[in-house]
Amino acid sequence: MSLTLDEIQNFKGKYPSQIWSLFFSEMWERFCFYGMRGMLVFFMISQLNFHEKEANLQYGATQAFVYAFTFIGGLFADKILGFRKSLFWGGLLMIAGSLILATDPHKFFFLGIAFTVVGTGFFKPNISSMVGQLYKPNDSRADAGFSLFYAGINLGALLGGYLCIAIGKGEILGSLIPEAMRWNVAFGLASVVMVISLINFIFTQKRMGTIGLQPGHPLAEVKTAPIPKWKEYSVYVLSLIFVPIIMKMVAKTEYTDYFMWTIGPLTLIYLFYEMSKVTASERKKLWAALVFIIFSIIFWGIYEQSGGSLSIFAAKNLNKDLLGLDPNGVNNSGGAFFIIFLAPLIGLLWIWLNKRKIEPNTIIKFGLGFIFLGLGYYILFATRLFANLQGITSLNFFTVALLVITLGELCLSPIGLSIMTKLSTKNLQGMMMGMWFLASAYGQYVAGIIGAGLATAKEGSTNYDALITYTDGYKQLGLYAVIAGVVLILISPFVKKLMQEVK
Ligand code: GLN
């Protein structure tokens, strides 16, 4: 018997039981996504003979497009498909993308990537919006739920990020898989886990009541009329038409700049148009959502140094004093590792604080997120105090910075997902979630620019010079993060007014 929305949302205990199913679908999706992402640069350089700079630019373009497409995926979910069909369609496109890559990654590289970009756009924002609908609008347990969900994201990221590239390089299963087939198997693994994600979702659906069945919110006052089939099929066709376009745009990275300069303003104009149609109180909440979205660009711009300048810093300037681990491995997966353990704990901490009526509201949590981020970057700066004359410093100390940065991420990223579902009007949930991720696309973009600015070490400069240049840059970023955090806390009364009853 199908559950009613009330039965789902009136759950007892700390988490709704459905969250575990969404946790696993998202975990496998992130396995596929981070598995592929982790292989891109290495594959382009070692297999497609790209120059390092070119490969990095292409990687950046892919990331920007992936997150930019979440806006479109969310928009179509709101207007035509509903969350479930969007998620399913996105999953199928991701499977198609990884199967294409598994067949012949050398020949069909950009085609496979383009499918993955569009697929992720349909999958990623909509599964997060469904988590939000497991809760009543003001259920104080939602942040804890999103924190748990975030642990699933990172479990997938950690496993996929580690396993796929290790198989491709032959570091694991090397004796079983002939060398010529390793990359095919690695990309193939991404498609297998995505199939698991969708099968898991098929079973999950049975316990989701009416959530995500139709566009719009199951509690919306005005129900959307059934959507004609031709509209649904048009979305499928349209998204397929996007594939060759994305393929061209990712392959030529100049287009990324044009794209980034256009998509943001266009989405803002569209948001303002939608805002003109809602009540004054709903409009205020959307303004508040926009404040969070804009601050998140700053956050990700600083945070995402991990894939760029910090990976160079890890390679050049860190020793192996942490259990003999490889510094780049720690830089790539340390954050996810910490999150898997810390996210559920921090979620429970929010619930505990709430019971005592001292849980900080979302703005303060965001502010704390920035302050932790800033502290983390100051610790990165301080790594220079432990450096030897060759400019090599302590991985242990670097890992402490990673831990503090991760605490910042946990105060902002899952909380951001949660607040989007609370501040969006019932018919704009998917689109606003898409905007939240679009901000990540800009964050990645800004991070690339900041990273390039940091890499100013001149020809012939020593490792020690590089250490000084990078750590000076991190001190600067730490300062910006702390300033952003303080500004957020200062403007909190104003944002609180916009948020009204939402916490
Ligand atoms: N790491 C998180 C994820 O993969 C957050 C991504 C983001 O918003 N930039 O979902």
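The values are calculated or read from the model by the stated rules, or taken from the named source; none is laboratory data. The shown structure was predicted, so the numbers you read here are calculated from the model rather than taken from an experiment. Virtual Cβ from ideal backbone geometry, glycine too; neighbours counted across all protein chains shown. These area figures cover heavy atoms from the full protein model, side chains too; ligands, DNA and RNA do not enter into them. Shrake-Rupley method; radii C 1.70, N 1.55, O 1.52, S 1.80 Å.
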> Pick from A55, A77, A68, A64: which is under 23 Å from I245 (Cα atoms), part of a helix (DSSP H, G or I) and without any contact (Cβ under 8 Å) to a residue 24 or more places away in the chain?
Replying inline: A55
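Give the residue that is surrounded by the most Cβ atoms within 10 Å (Cβ to Cβ), with candidates limited to residues of region 379-422 that are farther than 30 Å from L271 by Cα and within 15 Å of the ligand (Cβ to nearest atom).
Only one residue tops the list, namely I405.
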>> Suppose we keep only residues that are closer than 19 Å to M39 by Cβ and of a type in the set (S, T, Y) within region 109-130. Which one would you say is farthest from the ligand (Cβ to nearest atom)?
In response: T116
> When F386 is evaluated against the numbered criteria (1) in contact with a Leu (Cβ under 8 Å, 6 or more places away or on another chain); (2) closer than 27 Å to F313 by Cβ, which criterion, by number, is the only one it fails?
Replying inline: (1)
> For residues in region 98-144 being open to solvent by 30 Å² or more (accessible area, probe 1.4 Å) and assigned to a helix (DSSP H, G or I), which is nearest to P215 (Cα to Cα)?
Replying inline: F115
>> Here's a check for you: in region 27-41, which residue that is open to solvent by 10 Å² or more (accessible area, probe 1.4 Å) and away from the ligand (no atom under 12 Å from the Cβ) is nearest to G209 (Cα to Cα)?
In response: W28
>> Being open to solvent by 10 Å² or more (accessible area, probe 1.4 Å), away from the ligand (no atom under 16 Å from the Cβ) and at pLDDT below 95 is the requirement here; does A457 meet it?
In response: yes
> Among (1) closer than 14 Å to N427 by Cα; (2) outside any loop (DSSP other than H, G, I, E, B), where does L238 come up short?
Replying inline: (1)
> Which of the residues belonging to region 423-440 are within 11 Å of P137 (Cβ to Cβ) and crowded, with 24+ Cβ neighbours inside 10 Å?
Replying inline: L423, S424
> Quick one: which of L3, L22, L48 is outside any helix (DSSP H, G or I) and in contact with a Phe, Trp or Tyr (Cβ under 9 Å, 6 or more places away or on another chain)?
Replying inline: L48
>> Between F11, F24, F50, which is surrounded by fewer than 23 Cβ atoms within 10 Å (Cβ to Cβ), within 16 Å of the ligand (Cβ to nearest atom) and farther than 15 Å from V117 by Cβ?
In response: F24
>> One residue is enough: does region 145-163 have a residue meeting the conditions part of a helix (DSSP H, G or I), open to solvent by less than 10 Å² (accessible area, probe 1.4 Å) and farther than 30 Å from R356 by Cα?
In response: yes
> Is it the case that region 224-232 has a residue that's away from the ligand (no atom under 16 Å from the Cβ), open to solvent by 60 Å² or more (accessible area, probe 1.4 Å), among the hydroxyl-bearing types (S, T, Y) and in a helix (DSSP H, G or I)?
Replying inline: no
>> Being within 16 Å of the ligand (Cβ to nearest atom) and more than 17 Å from W287 (Cα to Cα) narrows it down to one residue among I450, I468, I483; which is it?
In response: I450
> Does region 186-193 contain any residue that is more than 26 Å from M44 (Cβ to Cβ), assigned to a helix (DSSP H, G or I) and away from the ligand (no atom under 16 Å from the Cβ)?
Replying inline: no
